[in-house]
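Asks: Attaching a single structure in structure tokens format; questions to follow.
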Amino acid sequence: MTEQQVRVRFAPSPTGPLHIGGVRTALYNYLFARKHGGKMILRIEDTDSNRFVPGAEDYIVEAFQWLGVEFDEGVHMGGEYGPYRQSERREIYKKYVDQLLEAGKAYIAFDTPEELAAKREEIKNFQYDAQTRGMMRNSLTLSKEEVDQLIADGNKYVVRFLIEPGRDVKVNDLIRGEVVINSSILDDKVLYKSADQLPTYHLANIVDDHLMKISHVIRGEEWLPSAPLHVLLYEAFGWADIAPAFAHLPLLLKPEGNGKLSKRDGDRLGFPVFPLQWTDPKTGDISSGYRESGYLPEAVVNFLALLGWNPGTDEELMSMARLIELFDLDRCNKSGAKFDYEKGRWFNHEYILHMDDALIAPTFIELMAEEGVEVTTEQALTVIGLMKSRANFIKELVPACRFFFVAPTEYDKKTAKKRWKADSPALMAELAELLENMADFSPENQETEVKAWIEAKEYHLGNIMNAWRLSLVGEGKGPHMFDISAFLGKEETLRRMRQAIDVLPRKEA
RNA sequence: GGCCCAUUCGUCUAUCGGUUAGGACGCCAGGUUUUCAUCCUGGAAAGAGGAGUUCGACUCUCCUAUGGGCUACCA
């Protein structure tokens, strides 16, 4: 057997923003493809015309661009197996549906949605299958003339897959091993709807995967129950021996409580479940996105990769290249993973820590400008270097760094109470005088001279530094004091110190 | 209800018959620091329950329980 080229696809339905679980599925497909030198395809499954949402397709493309998940073929870039939008492949599906019809492996059914609903009311656990198809209105129970007439009269119909009962259908799953389901529990799935002349997911999926030469179908666990149906379809078309391999990924679950992670959870728990912000075109509702929330795409990718897979070592911080190097379907978990949002924050923190300050600077400058604070690139670089170990998100740097550019207008009460002592005004005045006469205001020289002064006078270091910090920052936080004063410059440093002496309350000794 | 999948610290997970059950997030304590953060050290914290198989089971089998998914002319 020759090793066939790895070709995988991510095939979302354009019904809204891309769910984070879908992002992970796409990511695993991508890692797998790159790992094996294969191709990654983006196919749009828009066979349900009723659920089409404008903008969703562009959103999907943009989301993957942001994340760094690249495609080799797809709806947005073409390729030799197109078109990649299922609504543009009507004729193709029709041909295959007819093939099944002619072979007697599918049949035409006229039962209306209303009639089916009535049947479900009438018979509990009603299923359109070998048991019941004999009592329905279809090409198995009606004569050919009747069928032709009904169609000629313009009656809507569907094509159903004829499933033979009593067969054990085996699905070989790369993650779960062999899963066996008896065909008797499967229903005669609708493959095609005459109403919009489109197939349903199942038919389109099998036909496209075959035509696009997909080698591995890596998708969410929610598809596992219909995998036997897909196996049967491959058989019906005579493609059983060239069918793709399956791998069903565990689901992403709610962080607390039960169930699959949903759009609502994000709103409720205060974290995004979508890669990019999304505005519902109908309701105008806005759902937050990882990008807009300040996440770095690398952090999101790293975080997501580890939800359901691990390299088998303690390595946790991995670039896309490293993930590709290490990824293996054999190391994917079988059980669903609760979405650990806290860990996502930690990943972002780590990526900010390791990120080049020059890459953070433009975003920082922009965010500061929005707050009405003009910052030069040089200033930004200094401040980011000093402050980024305190931030989980770049935007957290904005309030944290404000004091570098804007003098405090009020002082943190708790800190003032603790750090501004009876002798503080006098000490600050003395320190101000020392600084004023200092020729070299570099942080190094300041440190040398100030510490020498403290030592000579036998002052308490913490006493001086904490009061000084309160004067310049307004609270008890921030980097090394001399870095702050040096950044501020002598003039501003002295101004803030005098202001603190004026404004902060005097205490009895 | 039926069918399928799953089940190790609160969470993400390692372990592929023999381990003091390891790591990470979060949490707590201590250290470093003029403060906060970073960083370092330490701590609490787990094999759902019950039967087997075996000299030996977290690991294999079965049952139960629990969780999850599917059960559309949606994907």
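The values are calculated or read from the model by the stated rules, or taken from the named source; none is laboratory data. Note that the coordinates shown come from a computational prediction; the quantities given were computed from them, not determined experimentally. Virtual Cβ from ideal backbone geometry, glycine too; neighbours counted across all protein chains shown. Just so you know, the surface numbers come from the protein's heavy atoms only, side chains and all, with ligands and any DNA or RNA stripped out. Shrake-Rupley method; radii C 1.70, N 1.55, O 1.52, S 1.80 Å.
Asks: Would you compute, from DSSP H runs of 4+ residues alone, the mean residue ellipticity of chain A at 222 nm, taking -39500 (n - 2.57) per run and dividing by the full residue count, rounded to the nearest 500?
Replies: Working: 20 runs with 223 residues, N = 509.
Result for chain A: -13500 deg cm²/dmol, rounded to the nearest 500.
Asks: Moving on. Calculate, axis by axis, the spread of Cα positions in segment A:449-509 along the three principal axes, and write the results as whole Å, longest axis first.
Replies: Taking max minus min along each principal axis of the Cα atoms, segment A:449-509 gives 31, 26, 21 Å.
Asks: What Kirkwood Rh does segment A:43-155 have if only Cα atoms enter the pairwise 1/r average? Answer in Å. All intermediate terms of the calculation are to be shown ahead of the outcome.
Replies: Values: mean 1/r = 0.0562 Å⁻¹.
The Cα-based Kirkwood calculation yields 17.8 Å.
Asks: Follow-up question, since we're still on this one. Hey, which lysines would be in cross-link range of residue A:35, C-alpha to C-alpha under 23 Å, not counting anything within fewer than 8 residues on its own chain?
Replies: Counting by Cα, and skipping residues close in sequence, residue A:35 has these lysines nearby: A:213, A:334.
Asks: Also: Around residue A:340, with a cut-off of 14 angstrom between Cβ atoms, what is the net charge of the other residues, counting Lys and Arg +1 and Asp and Glu -1? Could the numbers behind the result be given before it?
Replies: Details: positive: A:24, A:254, A:338, A:343, A:345; negative: A:256, A:265, A:316, A:342.
Result for the neighbourhood of residue A:340: +1.
Asks: Can I ask one more? Spin-label point model (7 Å from Cα, Cβ direction): what's the residue A:282 to residue A:498 distance in nm?
Replies: With each label point 7 Å from Cα toward Cβ, the separation is 6.5 nm.
Asks: From the mean inverse distance of alpha carbon pairs (Kirkwood) and the Cα radius of gyration, derive Rg over Rh for segment A:402-459. Mind showing how you got there, number by number?
Replies: Numbers: Rg = 13.6 Å, Rh = 13.3 Å.
Across segment A:402-459, the Cα-based Rg/Rh ratio is 1.02.
Asks: From the Cα trace of segment A:118-236, what convex hull volume per residue do you get, rounded to a whole Å³? Please report the intermediate quantities before stating the final value.
Replies: Working: hull volume 16.6 nm³, N = 119.
Considering the Cα atoms of segment A:118-236, their hull volume per residue is 139 Å³.
Asks: When N counts the residues of segment A:367-509, how does its alpha-carbon radius of gyration compare numerically with 2.2 N^0.38 Å, as a ratio? Could the numbers behind the result be given before it?
Replies: Details: Rg = 15.2 Å, N = 143, 2.2 N^0.38 = 14.5 Å.
Cα Rg divided by the expected 2.2 N^0.38 Å: 1.05.
Asks: For chain A, take the longest principal axis of its alpha carbons; what is the angle in degrees between that and the long axis of helix A:357-370, to the nearest 10 within 0 to 90?
Replies: Between helix and principal axis, roughly 80 degrees.
Asks: Check which residues have an amide H placed less than 5 Å from residue A:173's amide H, if you skip close sequence neighbours.
Replies: Placed amide hydrogens put A:178, A:179 under 5 Å from residue A:173.
Asks: Which number do you get for Rg(Cα) / (2.2 N^0.38 Å) in chain A? If you can, show how the numbers build up before the last one.
Replies: Numbers: Rg = 32.4 Å, N = 509, 2.2 N^0.38 = 23.5 Å.
For chain A, the normalised Cα radius of gyration comes out at 1.38.
Asks: In addition: Quick one, can you get me the convex hull of the C-alpha atoms of segment A:77-122 expressed as volume per residue in Å³? List each step's numbers first, then the result.
Replies: Working: hull volume 5.7 nm³, N = 46.
Cα-based convex hull of segment A:77-122, divided per residue, equals 125 Å³.
Asks: Report, to the nearest 10°, how far helix A:377-387 tilts away from the longest principal axis of the Cα atoms in chain A, using its own Cα long axis and a range of 0 to 90°.
Replies: 90 degrees
Asks: Ok, one more. Can you send over the carbon and sulfur percentage of the accessible area for segment A:1-151, probe radius 1.4 Å, protein chains only? Intermediate results must be reported in sequence, preceding the final value.
Replies: On the way: 3610 of 7480 Å².
Carbon and sulfur: 48 percent of the exposed surface of segment A:1-151.
Asks: May I ask for the equivalent-ellipsoid semi-axes of segment A:289-338, computed as the square root of five times each C-alpha gyration tensor eigenvalue and listed largest first in whole Å?
Replies: On the way: eigenvalues 85, 39, 13 Å².
In descending order, the three semi-axes are 21, 14, 8 Å.
Asks: Identify the trypsin sites (Lys or Arg not before Pro) of segment A:231-340 meeting these criteria: DSSP loop state and at most 11 other C-beta atoms within 10 Å of the C-beta. Write out the running numbers ahead of the final one.
Replies: Working: sites: A:260, A:263, A:264, A:268, A:282, A:291, A:322, A:331, A:334, A:338; in loops: A:282, A:291, A:334.
Hits after loop and neighbour filter: A:282.
Asks: If the cut-off is a Cα-Cα distance under 12 Å, which aspartates and glutamates reach residue A:414, setting aside same-chain residues fewer than 8 apart in sequence?
Replies: Within the straight-line limit of under 12 Å, residue A:414 reaches these aspartates and glutamates: A:475.
Asks: Right, next: Quick one: if you stick a label point 7 Å off each Cα along the C-beta vector at residue A:353 and residue A:457, how many nm between them?
Replies: Placing both labels 7 Å beyond Cα along the Cβ direction yields 3.8 nm.
Asks: Check the straight Cα-Cα distances from residue A:421 and name the lysines below 30 Å, setting aside those fewer than 8 residues away within the same chain.
Replies: Result set, ordered by chain and number: A:413, A:451, A:457, A:477, A:490, A:507.
Asks: Can you compute 3J(HN,Hα) from phi for each residue in segment A:290-296, using the Karplus curve 6.51 cos²θ - 1.76 cosθ + 1.60 with θ = phi - 60°, rounded to whole Hz and x for Gly and Pro?
Replies: Residue by residue, segment A:290-296 yields 4, 4, 5, 7, x, 7, 8 Hz.
Asks: May I ask you to compute the full-extension gain from residue A:314 to residue A:445, defined as 0.36 nm times their residue separation minus their alpha-carbon distance, rounded to one decimal in nm? Walk me through the numbers on the way to the answer.
Replies: Details: separation 131, 0.36 × 131 = 47.16 nm, distance 4.35 nm.
Contour length minus Cα-Cα distance gives 42.8 nm.
Asks: Would you compute the Debye intensity of segment A:29-108 from its alpha-carbon atoms alone, equal scatterers and no solvent, and pass along log10 I(q)/I(0) at q = 0.16, 0.18, 0.20, 0.27 Å⁻¹ to two decimals?
Replies: So the normalised log intensities work out to -0.76, -0.87, -0.97, -1.26.
Asks: Kindly express, to the nearest 10 degrees and within the range 0 to 90, the angle between helix A:113-122's C-alpha long axis and the longest C-alpha principal axis of chain A.
Replies: So the inclination is approximately 90 degrees.
Asks: Right, here's the next one. Using only the Cα atoms of segment A:306-363, each taken as one equal point scatterer with no solvent, compute I(q) by the Debye sum, divide by I(0), and report log10 of the ratio at q = 0.12 Å⁻¹.
Replies: At q = 0.12 Å⁻¹ the computed log10 ratios are -0.38.
Asks: Based on the alpha carbon coordinates of segment A:215-362, what radius of gyration and maximum Cα-Cα distance (Dmax) apply, in Å?
Replies: 18.5, 59
Asks: Okay, moving on. Loop only per DSSP, at most 12 neighbouring Cβ atoms within 10 Å: give me the GluC sites (Glu not before Pro) in segment A:430-509, ordered by residue number.
Replies: Here the sparse-neighbourhood loop sites are A:458, A:508.
Asks: Would you mind computing the Rg to Rh ratio of segment A:363-414 from its alpha-carbon coordinates, Kirkwood style for Rh?
Replies: Details: Rg = 11.1 Å, Rh = 11.5 Å.
Reported Rg/Rh (Cα atoms, Kirkwood Rh): 0.97.
Asks: Moving to a separate point now. To one decimal place, what orientation-averaged projected area in nm² is obtained for the convex hull of the Cα set of segment A:292-425? Display every interim value, and only then the final one.
Replies: Values: hull surface 47.3 nm².
About 11.8 nm², averaged over all directions.
Asks: Arrange the residues A:142, A:198 by how much accessible surface each exposes, largest first, with a 1.4 angstrom probe. Mind dumping the intermediate values first?
Replies: Working: A:142 40, A:198 0 Å².
If we order A:142, A:198 from most to least accessible, we get A:142, A:198.
Asks: I would also like to ask the following. Keeping all protein chains in place and using 1.4 angstrom, which order do A:485, A:194 fall into by accessible surface area, from largest down? Could the numbers behind the result be given before it?
Replies: Values: A:485 0, A:194 25 Å².
Ranking A:485, A:194 by accessible area, largest first, yields A:194, A:485.
Asks: List every residue whose amide H lies under 5 Å from the amide H of residue A:191, counting only residues 5 or more places away in sequence or on a different chain, with H placed 1.01 Å from N in the peptide plane.
Replies: Long-range HN contacts for residue A:191: A:159, A:160, A:161.
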